[in-house]
1. Sort through Val91, Val20 and tell me the only one that's part of a helix (DSSP H, G or I), within 30 Å of Ala147 (Cα to Cα), in contact (Cβ under 8 Å) with a residue 40 or more places away in the chain and within 9 Å of the ligand (Cβ to nearest atom).
2. Small (Gly, Ala, Ser), out of contact with any helix residue (DSSP H, G or I) (no Cβ under 6 Å at 6 or more places or on another chain) and surrounded by 19 or more Cβ atoms within 10 Å (Cβ to Cβ): which single residue out of Ala235, Ala251, Ala211 fits that description?
3. What pairs can you find where one residue is in the range 174-198 and free of Cβ contacts under 8 Å to residues at least 12 places away in the same chain, the other is outside any strand (DSSP E or B) and more than 7 Å from the ligand (Cβ to nearest atom), and their Cβ atoms are less than 9 Å apart, with a gap of 6+ or different chains?
4. Could you say whether any residue in the range 60-73 is touching a residue at least 24 places away in the same chain (Cβ under 8 Å), away from the ligand (no atom under 11 Å from the Cβ), touching a Pro at 6+ places or on another chain (Cβ under 9 Å) and assigned to a helix (DSSP H, G or I)?
5. Of all residues in the range 97-121, how many are crowded, with 20+ Cβ neighbours inside 10 Å and either within 16 Å of the ligand (Cβ to nearest atom) or of a type in the set (Asp, Glu) (or both)?
6. Give the range 65-77 a look and list any residue that's surrounded by 19 or more Cβ atoms within 10 Å (Cβ to Cβ) and over 13 Å from the mean Cα position of the chain (by Cα), or say none.
7. Being away from the ligand (no atom under 15 Å from the Cβ), outside any loop (DSSP other than H, G, I, E, B), within 21 Å of Glu252 (Cα to Cα) and in contact with a Lys or Arg (Cβ under 7 Å, 6 or more places away or on another chain) is the requirement here; does Leu181 meet it?
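No value in this document is a laboratory result; all are computed from the given coordinates. Being a predicted model, the structure only gives us computed values, none of them experimental. Note that we place each Cβ from the backbone using ideal geometry, even for glycine, and neighbour counts take in every protein chain shown.
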Amino acid sequence: MTRPEHSGRTYVVTGSASGVGAATAALLRERGADVIGCDLSDADIQADLSTPDGRQSLVDEVASRGAIDAVLAIAGGGKRGLLQTNYFGAVATLTGLRPLLIQSEAPRAVVVSSTSSLSPADEQVLQACLDGDEAAAQAYVDADPSAGSAAGAYGAAKRALNRWVRRVAPTPEWAGAGIALNAVASGVVDTPAASWIFASEETRIAVETAAPQPFGGFPGRPEWVAELICWLAGAGNRFVTGQIIFADGGAETMLVGDRHWR
Ligand SMILES: NC(=O)c1ccc[n+]([C@@H]2O[C@H](COP(=O)([O-])OP(=O)(O)OC[C@H]3O[C@@H](n4cnc5c(N)ncnc54)[C@H](O)[C@@H]3O)[C@@H](O)[C@H]2O)c1
């Protein structure tokens, strides 16, 4: 059903061909939005966000289509180009499309992070990411593929993403330009990206034990994460920015408890 907070707005959704991105694109279309989907294939714009050329072609293609109101950087996962797609691709999507976003009356941006970001990671890798030094970040990961994180380079990429959101969201370029910028950190949801977890009972039990999801179940559904992304990206979000919001069935609160507030 059409909803006023989405109707008539145009959303760029990366990772639109599968999982959380596909669920988000479907919800937005159902609610009356125009969606420009981007993915490696099966999308309005086909671009490989793990490469500088792919990132530039996304920006050029979106620019050629006219005005946009929100950018949802959802593409990612744990297969290949872990830093390149999950950190550098996501940041390039958001910063590259920011000049188009500021022309909207209610511009919004959302990036998808993960509960994997809760694992501490090598500070040098994180710093190289935050400095925008892709070659240095990759060199650290080539030397130590774990990136000092229990969640590997994938966890490091998502952790750097959280820090990037916290740093830039309140600045004149984002909050000052009226753009809400938030991260949705997903728990384990049933998509192809998570299929390795269910390949064996042993792995499933190990992952669920390490990060239990007492609310909603293990795995959750991509639509449940998509609901939060849509709300944050809608015109109705007038006051929430710079947040890393966990849509994870309670995993983050199980793992972190009340530590932030001590
Ligand atoms: N599924 C989970 O349990 C889970 C948990 C935490 C975070 N996430 C995050 O959710 C987001 C969506 O993942 P998903 O679970 O829907 O997985 P998915 O594999 O179903 O979808 C990811 C999509 O991103 C696209 N993509 C990957 N690399 C790309 C690239 N270089 N350029 C362009 N597109 C690319 C893929 O083609 C795919 O369509 C990712 O950022 C992922 O890290 C997923």
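1. Result: Val20 is the single residue among Val91, Val20 that is part of a helix (DSSP H, G or I), within 30 Å of Ala147 (Cα to Cα), in contact (Cβ under 8 Å) with a residue 40 or more places away in the chain and within 9 Å of the ligand (Cβ to nearest atom).
2. Among Ala235, Ala251, Ala211, only Ala235 is small (Gly, Ala, Ser), out of contact with any helix residue (DSSP H, G or I) (no Cβ under 6 Å at 6 or more places or on another chain) and surrounded by 19 or more Cβ atoms within 10 Å (Cβ to Cβ).
3. Correct list of pairs: Gly176/Pro170.
4. Yes, the conditions are met somewhere in the range 60-73.
5. Final tally of qualifying residues: 13.
6. Within the range 65-77, Ile68, Asp69, Ala70 meet the criteria.
7. no
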